[in-house]
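Working notes, structure below.
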Amino acid sequence: NCSYFKHFTPGQSSEIFEVTTQKEYSISAAAIAIFSVGFAIIGTICVLLSFTKKRDYLLKPASMFYTFAG
């Protein structure tokens, strides 16, 4: 997690490059990951309910939730 890199040229002069992460991208990536996990959990609940109580009509919503999670 270095924030500065030093680049040495043959003339012994150094240039400092500042590397920063953009906070907006990391927050949006975390939000997308949380929604993805939520959709996967809802899809798993639909699959478990369809298998235990023989409700085949829950398999289509489960496939949609898994697709959204992907």
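Taking a ≥ b ≥ c as the square roots of the eigenvalues of the alpha carbon gyration tensor, the stretch 26-67 is prolate, as a/c is not under 1.5 and a/b beats b/c. Modelling each spin label as a point 7 Å along the Cα-to-Cβ direction, I'd like the Phe35/Lys53 distance in nm, to one decimal. Here the modelled spin labels are 2.9 nm apart. The share of accessible area on the stretch 26-67 that comes from carbon and sulfur is 79 percent, using a 1.4 angstrom probe.
Residues in the stretch 53-70 carry Karplus couplings, in order, of 10, 6, 9, 6, 6, 7, 6, 5, x, 5, 5, 5, 5, 5, 5, 5, 5, x Hz; the curve used is 6.51 cos²θ - 1.76 cosθ + 1.60 with θ = phi - 60°, and Gly or Pro positions show x.
Probing with 1.4 Å while keeping every protein chain in the model, the per residue accessible area of the stretch 26-67 equals 76 Å².
The values are calculated or read from the model by the stated rules, or taken from the named source; none is laboratory data. These numbers were taken from a predicted model, which means no experiment stands behind them. Counting neighbours? That spans all protein chains shown, and the Cβs are built from the backbone with ideal geometry, glycine included. Heavy atoms of the whole protein, side chains included, go into the accessibility calculation; ligands, DNA and RNA do not. Shrake-Rupley method; radii C 1.70, N 1.55, O 1.52, S 1.80 Å.
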